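What follows is a set of notes on a single structure, which appears directly below.
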């Protein structure tokens, strides 16, 4: 399969993409103006459970080590109508995205918070990642976000302006970001 299976042209032509929230900082953004890399074909090729999961999706973090390759992804999913059979909507997926590990021809998929907060998700996570790898993913993720939001200064200003409600889960891995960059990530109304 190629990367085109992630993005169905007929759906794309008929859909006005809604703003989406990134899975880490909960920044609402318009994907027509903020550009993350599209999800690569390797995920569909190596991960049967992700094949066809998204209508359109992006990579928010990526790391390749000698042992494994990791992706943090999120995007739009197709939801069937409960009251109109055969009708559907394309909406941003609820949740915090997925961390995908591809290792020796095997693919594991977990919700991102399960991997970054294993102590809060006892026995739920199938992926076990050392802190050094989480730090490296976090460092790469920050560089990717800065590029997508128009530079480091614009990205940090965007984070600062985000208004958040009380979270149902802990904030994403700010400790790993601090360790990776040496900077303190702050925002208004953050938990």
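Using the 10 angstrom Cβ neighbour count as an exposure proxy, how do 112, 158, 65 rank, fewest first? All intermediate terms of the calculation are to be shown ahead of the outcome.
Numbers: 112 25, 158 19, 65 14.
Taking fewest neighbouring Cβ atoms as first place, the list is 65, 158, 112.
The relative contact order of region 3-129, computed from alpha carbon pairs under 8 Å that lie at least 6 residues apart in sequence, is 19 percent.
Among 141, 120, which comes first, second and so on when ranked by fewest other beta-carbon atoms within 10 Å? Intermediate values should be presented prior to the final figure.
Values: 141 24, 120 12.
Going from sparsest to densest Cβ surroundings: 120, 141.
So if R0 is 35 Å, what FRET efficiency would residue 152 and residue 87 give, r being the distance between their Cβ atoms, rounded to the nearest 0.05?
On the way: r = 43 Å, r/R0 = 1.24.
Working from the Cβ atoms, E equals 0.20.
Put the Cα centre of region 139-153 next to the Cα centre of region 37-58 and the gap is 22 Å.
Each of 137, 39 has some number of other Cβ atoms within 10 Å of its Cβ, and from fewest to most they run 39, 137.
Rule-based calculations on the coordinates, nothing more; no lab input. Every value quoted in this text rests on a predicted model; they were computed, and no experiment measured them. Heads up, the Cβs are rebuilt from the backbone with ideal geometry, glycines too, and the neighbour counts pull from every protein chain shown.
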